[in-house]
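The values are calculated or read from the model by the stated rules, or taken from the named source; none is laboratory data. What you see is a predicted model, and the numbers here were worked out from it, not measured in a lab. Here the Cβ is made from the backbone with ideal geometry for all residues, glycine too, and neighbour counts use every protein chain on show.
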Amino acid sequence: MTFHTGRHAGVLVPLFAIPSRSSWGIGEIPDLPRLARWLSLSGLDFVQLLPINEMDQAHNSPYAATSAMSIDPLFVGVDGLPEFRAAGGEAALKPEAREALAAARGASRVNYEAVRTAKNAALAQAFAWFDEHDLHPGSARGDVFQTFASRERAWLDDYALFRALHDESGGEYWRDWPEGVRDRRDGSLREARRRLARPIRYYAYVQWVAQEQWVAARHACRPVGIFGDFPFMVSGHSADVWARQHEFRHDASIGTPPDAASPVGQDWGLPAYRWDVSAAGGYAWLQQRAARCAALFDGFRVDHVTGFFRTFVRERDGGMAFVPADEADQRRQGTAILEVLLSAGARITAEDLGDVPGFVREAMAHLRVPGLKVLRWERLWDEPQQPFRDPRAYPQDAVATTGTHDTDTLAGWWDTAGLDERQLCAAVSAMADAGLQADEPFSPAVRDALLRGVFASGADFVVLPIQDVFGWRDRINDPSSADGNWTWRLPWPVEDLLTVAEGRERADFLRSMSR
């Protein structure tokens with residue numbers, strides 16, 4: 001499936017939000033084909049996921065990963081592993097793991113602690129059987145694993161060693177490790193690989209089974225494609241930053257500058273790129289990440305694209321500035337990085353929201369990288385009354401959408417918008433033709449009129465958060481709140497989208513729009 005030409009429509013939904021009856025309290029890789037069957041019935045041809053990279057064990061955010069390359073073990077369908085079944089399956093789990101599994105399955109939202117406890121135990125059980133029975137010459141399954149480990153060595157070796165050292169240290173930040181492994185001295189790394197050979201094999205095994213399931217699921221999803229997400233950065237305590245220490249600043253962090261909405265700005269607590277070092281090395285890490293994404297996905301969304309042109313760096317002493325400082329340098333750098341990401345061959349789109357300099361969008365337009373057109377923010381801000389832009393006027397190289405994983409839902413926005421804002425929205429021709437009534441409270445009629453208006457856009461891509469398709473008010477992430485973020489799940493097992501009346505009605509509606 002190619003997404004480089006033509007028009008395409010899909011939904012945005014995190015993988016963690018689509019568990020099936022057989023999964024362990026969280027959406028899993030084998031659940032993707034179940035979602036794809038409903039998408040295909042709906043006339044949609046792709047799903048936009050959030051990052052699937054391995055999250056820090058203490059966090060739920062997919063944007064604070066311990067690796068830019070690994071697939072989170074939480075997404076592995078352990079019931080499908082032959083080693084897990086051979087080792088006794090669920091019945092062989094210890095009581096603590098079985099209790100955690102029951103808690104994970106019984107929760108109404110993703111219970112990450114319970115899921116991790118159950119899956120870590122199950123994966124350890126599966127690996128123990130594999131390590132004993134299949135890691136020997138002549139084992140077909142063992143040979144496939146060795147081929148994977150050799151092919152992915154460029155990232156897998158450092159990742160597996162990092163995870164083993166993390167466990168050995170009790171979860172300490174790598175900068176607090178013994179200086180030999182902290183500073184990556186050759187002798188210390190050789191000794192660590194010898195000492196930690198078994199846990200290193202374990203982490204490589206987990207990535208192998210995740211990859212095997214991913215390849216099978218992606219094939220089973222056809223003709224529905226899968227779009228991934230390319231985070232701007234990973235956690236400072238990550239395999240990538242540890243392996244490439246010279247490419248990052250550890251005495252500063254990145255974020256956003258002060259503005260009207262946030263007088264002190266935002267500090268994301270993530271290390272800052274040393275862009276001069278990255279450029280001198282041909283942006284090798286970004287090349288590697290893009291190649292990995294292209295291998296996993298049909299396309300991917302570039303998070304915080306403006307940051308690749310100019311990064312807002314916050315110094316420890318309170319100083320703050322954009323890096324690079326010069327506009328010409330910012331333009332050159334961002335354009336070069338977009339070219340690197342495009343060179344991997346996958347279709348890319350970009351998140352270009354917030355305070356975006358004009359030259360960023362000029363570069364995107366030149367390279368034909370679609371940016372986001374979020375209905376509620378697409379307005380003629382310099383004109384009297386700031387009217388809404390008609391979706392029919394959106395450029396072809398764009399992604400028309402009703403929101404993102406960080407925004408309020410369509411229902412939430414309509415609930416809080418003033419009548420004057422609703423009237424301005426209903427006045428544009430696409431919305432008027434869709435029958436949008438400004439004075440009506442949010443209802444199925446309002447929902448569908450807004451969705452019709454977005455589908456009428458001139459953009460090549462339409463992507464709708466699945467909450468907006470149904471008119472739900474549940475958010476994926478609320479940056480202003482720490483409660484419940486990244487834990488939302490579908491109200492039914494994902495396979496029930498095909499059978500519940502609401503799921504079938506929405507499929508009929510979407511098919512009529514996408515056609």
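Structure summary
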item: Residues that are outside any loop (DSSP other than H, G, I, E, B), under 19 Å from Gly228 (Cα atoms) and of a type in the set (A, V, I, L, M), drawn from region 349-363; result: Ala350
item: Test: Val305 is surrounded by 17 or more Cβ atoms within 10 Å (Cβ to Cβ) and within 18 Å of the chain's Cα centre (by Cα); result: yes
item: Residue list for region 144-157, filter: surrounded by 14 or more Cβ atoms within 10 Å (Cβ to Cβ) and either assigned to a helix (DSSP H, G or I) or at pLDDT below 95 (or both); result: Phe145, Gln146, Phe148, Ala149, Trp155, Leu156, Asp157
item: Residues within region 1-20 that are aromatic (Phe, Trp, Tyr) and more than 30 Å from Pro395 (Cβ to Cβ), tallied; result: 1
item: Complete set of residues in region 351-407 that are of a type in the set (Phe, Trp, Tyr) and closer than 30 Å to Asp448 by Cβ; result: Trp377, Trp381, Phe388, Tyr394
item: Residue ID - nearest to Leu372 (Cα to Cα), chosen from residues in region 308-347 that are within 23 Å of the chain's Cα centre (by Cα) and part of a strand (DSSP E or B); result: Arg347
item: Verdict on Leu32 being in contact with a helix residue (DSSP H, G or I) (Cβ under 6 Å, 6 or more places away or on another chain) and at pLDDT 95 or above; result: yes
item: Close pairs (7 angstrom Cβ cut-off, 6 or more residues apart or separate chains): crowded, with 19+ Cβ neighbours inside 10 Å in region 416-431, among the basic types (Lys, Arg) anywhere; result: Ala430/Arg392
item: Some residue of region 5-12 being in contact with a helix residue (DSSP H, G or I) (Cβ under 6 Å, 6 or more places away or on another chain) and under 18 Å from Val469 (Cα atoms); result: yes
item: Every pair of residues 6+ apart whose Cβ atoms lie under 7 Å, when the first sits in region 324-352 and is more than 25 Å from Trp377 (Cβ to Cβ) and touching a residue at least 24 places away in the same chain (Cβ under 8 Å) while the second is surrounded by 20 or more Cβ atoms within 10 Å (Cβ to Cβ) and among the polar types (S, T, N, Q); result: Pro324/Gln330; Pro324/Gln333
item: Residue in region 367-377 that is nearest to Gly412 (Cα to Cα), counting only those that are of a type outside the set (Gly, Ala, Ser) and crowded, with 20+ Cβ neighbours inside 10 Å; result: Leu375
item: Conditions (1) in contact with a Lys or Arg (Cβ under 7 Å, 6 or more places away or on another chain); (2) closer than 24 Å to Thr401 by Cβ: number failed by Phe16; result: (1)
item: Tally of residues being modelled with pLDDT under 95 and surrounded by fewer than 20 Cβ atoms within 10 Å (Cβ to Cβ) across region 52-102; result: 6
item: Matching residues in region 328-366 - criterion: being charged (D, E, K, R) and either surrounded by 14 or more Cβ atoms within 10 Å (Cβ to Cβ) or under 20 Å from Leu270 (Cβ atoms) (or both); result: Asp329, Arg331, Arg332, Arg347, Glu351, Asp352, Asp355, Arg361
item: Scan of region 426-445 for residues that are part of a loop (DSSP other than H, G, I, E, B) and either touching a helix residue (DSSP H, G or I) at 6+ places or on another chain (Cβ under 7 Å) or over 18 Å from Gly458 (Cβ atoms) (or both), ordered by number; result: Ala434, Gly435, Leu436, Gln437, Ala438, Asp439, Glu440, Pro441, Phe442, Ser443
item: Failed criterion for Pro479 (all others in (1) within 25 Å of Gly27 (Cα to Cα); (2) crowded, with 17+ Cβ neighbours inside 10 Å; (3) touching a strand residue (DSSP E or B) at 6+ places or on another chain (Cβ under 9 Å) hold); result: (2)
item: Unique residue being in contact with a Leu (Cβ under 6 Å, 6 or more places away or on another chain), closer than 21 Å to Tyr63 by Cα and not aliphatic (A, V, I, L, M) when the list is Asp229, Asp267; result: Asp229
item: Filtered residue count, region 126-155, keeping only those that are under 19 Å from Asp79 (Cα atoms) and aliphatic (A, V, I, L, M); result: 2
item: Contacts under 6 angstrom Cβ, first residue in region 435-447 being in contact (Cβ under 8 Å) with a residue 24 or more places away in the chain, partner buried (at least 17 other Cβ atoms within 10 Å of the Cβ), 6 or more apart; result: Phe442/Ala411; Phe442/Trp414; Arg447/Gly471
item: Set Arg504, Arg475, Arg489: member being touching a Ser or Thr at 6+ places or on another chain (Cβ under 7 Å) and more than 17 Å from Asp390 (Cα to Cα); result: Arg475
item: Selection from region 155-172 of residues that are within 11 Å of Ala239 (Cα to Cα) and hydroxyl-bearing (Ser, Thr, Tyr); result: Tyr159
item: Region 264-309: number of residues that are in contact (Cβ under 8 Å) with a residue 60 or more places away in the chain and closer than 30 Å to Arg222 by Cβ; result: 14
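Rundown of residues vs (1) within 30 Å of Gly6 (Cβ to Cβ); (2) in a loop (DSSP other than H, G, I, E, B), yes/no style:
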position: Ala449; (1), (2): yes, no
position: Val454; (1), (2): yes, no
position: Ala459; (1), (2): yes, yes
position: Val469; (1), (2): yes, no
position: Trp472; (1), (2): yes, yes
position: Asn477; (1), (2): no, yes
position: Ser481; (1), (2): no, yes
position: Trp488; (1), (2): no, yes
